Amino acid sequence: LFKLLNEVEQELPLTEEALQVAIMGCVVNGPGEAKDADLGIAGGKGCGILFKQGKLVKKVPEDKLLETLISEINQILEERKQ
């Protein structure tokens with residue numbers, strides 16, 4: 001989990017836009033505990049989930065969690081510019 005957290009911090013785009021991102025360790029409790037986050041991921045065994053405002057968006061293979069999260073963050077930031 002800490003490795004993923006460090007990778008997310010390195011990959012996050014620089015922006016002045018406020019965006020709350022949650023990195024959770026449990027797919028069962030993570031989305032509920034981070035329901036106020038704009039976007040988040042929760043890890044599981046071999047896979048994880050992507051969620052927005054506590055709602056499941058999709059299941060993601062573990063090796064695609066970082067890529068998926070950063071892509072979703074960029075998409076949200078682009079939508080907010082419009």
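Between a residue in segment 1-21 that is under 18 Å from GLN75 (Cβ atoms) and outside any helix (DSSP H, G or I) and any residue that is among the acidic types (Asp, Glu) and modelled with pLDDT of 80 or more, which pairs come within a Cβ distance under 7 Å, given they are 6 or more apart or on different chains?
That search, which allows pairs on different chains as well, returns LEU19/ASP38; GLN20/ASP36; GLN20/ASP38; VAL21/ASP38.
A quick yes/no check of all residues on (1) under 17 Å from LYS3 (Cα atoms); (2) among the β-branched types (Val, Ile, Thr); (3) modelled with pLDDT of 90 or more:
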| site | (1), (2), (3) |
| --- | --- |
| GLY30 | no, no, no |
| LEU39 | no, no, yes |
| LYS45 | yes, no, no |
| GLY48 | yes, no, yes |
| PHE51 | no, no, yes |
| ASN74 | no, no, yes |
| ARG80 | no, no, no |
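Would you point out the residue of segment 1-29, among those that are among the small types (Gly, Ala, Ser) and in contact with a strand residue (DSSP E or B) (Cβ under 7 Å, 6 or more places away or on another chain), that is nearest to LYS45 (Cα to Cα)? First the steps, then the outcome.
Filtering segment 1-29 for residues among the small types (Gly, Ala, Ser) gives 18, 22, 25.
After this cut, where a residue has to be in contact with a strand residue (DSSP E or B) (Cβ under 7 Å, 6 or more places away or on another chain) as well, the list is 22, 25.
Values: ALA22: 18, GLY25: 10 Å.
Selected residue: GLY25.
The values are calculated or read from the model by the stated rules, or taken from the named source; none is laboratory data. Here the structure is a predicted model, which means the values were calculated and not measured. Ideal geometry is used to build each Cβ from the backbone, glycine not excepted, and the neighbour counts take in all protein chains shown.
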